[in-house]
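Please find one structure pasted underneath; my questions will follow.
The values are calculated or read from the model by the stated rules, or taken from the named source; none is laboratory data. All values derive from a computational prediction rather than experimental measurement. Glycine also receives a Cβ, built like all others from the backbone with ideal geometry; neighbour counts cover every protein chain displayed. These accessible areas exclude ligands, DNA and RNA; they are computed on the full protein's heavy atoms, side chains included. Shrake-Rupley method; radii C 1.70, N 1.55, O 1.52, S 1.80 Å.
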Amino acid sequence: MSKKKQAIACIISAAFFFALMNLFVKLAGDLPVWQKSMFRNLVAMFIALFVVIKDRTSLRIERKNFLPMAVRCLAGTVGIICNFYAIGKLNIADASMLNKLSPFFAMIFSIFILKEKPKKVEWATIIIAFVGALFVIKPTFNMESFPAIMGVVSGMGAGLAYACVRKLSTNGVAGPVIVFFFSMFSCLSVVPGMIMTYEPMTIAQFVFLILAGLSAAGGQFSITAAYSKAPAKEISVFDYTQVLFAALLSFVILGDLPDWLSFVGYAVIIGVAIYKWKYEVSKKSV
């Protein structure tokens, strides 16, 4: 399997894991953002450390990678916190729509960080996929200014983080090392907020947050592998499969039946993903 196909498989895998993570976070109930963020990254940190030790991978970071690693950690953490904040203050659909701007930002930041300039067809596919996501999410656009800004920042943070992951990977930094440093930074950065706002949890809430952390770990490893194998411009459109997985999980676990607009959105997302796949295959065969 080519690296590009591996990257597409990885980003679809990440979409599934992140959709699963969101489901478990939702099932955990109304807990503080800092508490949810801690569990989201704590499990991933220990898994990444285990892989690093097992593979005897060095945690040493070369000087040229200091800046992209710092930006990846900071941008990713800001993205998570802002997304959880937006979900708490806005309609979940509106918050999801704003967070789904991340593939756009990943492509934009890659232009400046990696000099990977997208073609018109690549911009077109990601715009169409975003429109398809809107049919599923059905935002109300009834948003307060500050929470909406935080939602946009969450998408921007995620996009910048993905571009930095690509940069670090092309510089030879191993995926588990990237996941470890990001997860550790995220955990440490939310400690003060968690101490000040901590709320006791039921056994069920604790289990759901652990499951959210395991899902997040799967998502982080998958997204890191995806952007290490291919540029954002070639694979970002497949990130929208998360919308499909979220809808499927919501139907199976919560019994939420999609309406006809959602099915239109599913058709658009699947259609543009298939088109993008065929476009990449035909481009390679020329």
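Within region 94-122, work out how many residues are more than 19 Å from A163 (Cα to Cα) and open to solvent by 20 Å² or more (accessible area, probe 1.4 Å). Steps first, please.
Applying the first criterion (more than 19 Å from A163 (Cα to Cα)) to region 94-122 yields 94-97, 120-121.
Going one step further and asking which of them are open to solvent by 20 Å² or more (accessible area, probe 1.4 Å), we end up with 96, 120-121.
So the count comes out to 3.
Given the condition farther than 30 Å from K229 by Cβ, open to solvent by 40 Å² or more (accessible area, probe 1.4 Å), touching a Pro at 6+ places or on another chain (Cβ under 8 Å) and modelled with pLDDT under 95, answer yes or no: does some residue in region 198-211 qualify? Quick ask: steps written out before the conclusion?
So the first thing to find is which residues in region 198-211 are farther than 30 Å from K229 by Cβ, and the list is 198-209.
Now drop any that are not open to solvent by 40 Å² or more (accessible area, probe 1.4 Å), which leaves 198-204, 206-208.
Filter once more, keeping what is touching a Pro at 6+ places or on another chain (Cβ under 8 Å): 198-199.
Now narrow it down to the ones that are modelled with pLDDT under 95: 198-199.
Taking every residue of region 198-211 in turn, at least one turns out to be farther than 30 Å from K229 by Cβ, open to solvent by 40 Å² or more (accessible area, probe 1.4 Å), touching a Pro at 6+ places or on another chain (Cβ under 8 Å) and modelled with pLDDT under 95.
Right, something else. Would you check if V177 is modelled with pLDDT of 95 or more, more than 16 Å from the chain's Cα centre (by Cα) and open to solvent by less than 60 Å² (accessible area, probe 1.4 Å)? Can you show your working first?
Numbers: modelled with pLDDT of 95 or more: yes; more than 16 Å from the chain's Cα centre (by Cα): yes; open to solvent by less than 60 Å² (accessible area, probe 1.4 Å): yes.
Spelling it out, V177 is indeed modelled with pLDDT of 95 or more, more than 16 Å from the chain's Cα centre (by Cα) and open to solvent by less than 60 Å² (accessible area, probe 1.4 Å).
Is it fair to say M194 is surrounded by 15 or more Cβ atoms within 10 Å (Cβ to Cβ), in contact (Cβ under 8 Å) with a residue 24 or more places away in the chain, assigned to a loop (DSSP other than H, G, I, E, B) and more than 16 Å from the chain's Cα centre (by Cα)?
Spelling it out, it is not the case that M194 is surrounded by 15 or more Cβ atoms within 10 Å (Cβ to Cβ), in contact (Cβ under 8 Å) with a residue 24 or more places away in the chain, assigned to a loop (DSSP other than H, G, I, E, B) and more than 16 Å from the chain's Cα centre (by Cα).
Does region 39-66 hold any residues that are modelled with pLDDT of 90 or more and either under 28 Å from A247 (Cβ atoms) or in contact with a His (Cβ under 9 Å, 6 or more places away or on another chain) (or both), and which are they?
N41, V43, A44, I47
How do the pairs read when you match residues in region 34-52 that are more than 8 Å from S183 (Cβ to Cβ) and touching a residue at least 40 places away in the same chain (Cβ under 8 Å) with residues anywhere that are polar (S, T, N, Q) and open to solvent by 20 Å² or more (accessible area, probe 1.4 Å), using Cβ under 8 Å and keeping only pairs 6 or more apart or on different chains?
Hits for this filter: W34/T197; Q35/T197; V51/T57.
Looking at region 148-171, I want the residues that are under 15 Å from V78 (Cα atoms) and have a partner that is among the charged types (D, E, K, R) with Cβ atoms under 6 Å, at least 6 apart or on another chain. Which pairs are those?
A161/R72; C164/R72
While we're on this one: With respect to L188, determine if the residue is open to solvent by 20 Å² or more (accessible area, probe 1.4 Å), more than 20 Å from K26 (Cα to Cα), over 19 Å from the mean Cα position of the chain (by Cα) and touching a residue at least 12 places away in the same chain (Cβ under 8 Å). Spell out the reasoning first.
Details: open to solvent by 20 Å² or more (accessible area, probe 1.4 Å): yes; more than 20 Å from K26 (Cα to Cα): yes; over 19 Å from the mean Cα position of the chain (by Cα): yes; touching a residue at least 12 places away in the same chain (Cβ under 8 Å): no.
No, not satisfied.
For every residue, the table says whether it meets (1) farther than 30 Å from L254 by Cβ; (2) in contact with a Cys (Cβ under 9 Å, 6 or more places away or on another chain).
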{"site": "V25", "(1), (2)": "no, no"}
{"site": "L31", "(1), (2)": "no, no"}
{"site": "K36", "(1), (2)": "no, no"}
{"site": "M45", "(1), (2)": "no, yes"}
{"site": "T57", "(1), (2)": "yes, no"}
{"site": "K64", "(1), (2)": "yes, no"}
{"site": "L74", "(1), (2)": "yes, no"}
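Right, here's the next one. Quick check on my filter: what residues within region 14-42 are closer than 22 Å to C82 by Cβ, open to solvent by 30 Å² or more (accessible area, probe 1.4 Å) and not in a loop (DSSP other than H, G, I, E, B)?
Matches in region 14-42: F17, L20, N22, F24, K26, L27, V33, W34, K36, L42.
Go through region 216-238 and give me each residue that's of a type in the set (A, V, I, L, M, F, W, C) and in a helix (DSSP H, G or I). Before you say what the answer is, go through the steps one by one.
Filtering region 216-238 down to residues of a type in the set (A, V, I, L, M, F, W, C) leaves 216-217, 221, 223, 225-226, 230, 232, 235, 237-238.
Within region 216-238, A216, A217, F221, I223, A225, A226, A232, I235, V237, F238 meet the criteria.
On to the next question. Hey, G255 hits all of (1) farther than 23 Å from F50 by Cβ; (2) touching a helix residue (DSSP H, G or I) at 6+ places or on another chain (Cβ under 7 Å) but one; which does it fall short on?
It fails just one condition, (2).
From I223, I235, which residue is closer than 18 Å to N22 by Cβ, touching a Cys at 6+ places or on another chain (Cβ under 9 Å) and crowded, with 24+ Cβ neighbours inside 10 Å?
When all the criteria are applied, what remains is I223.
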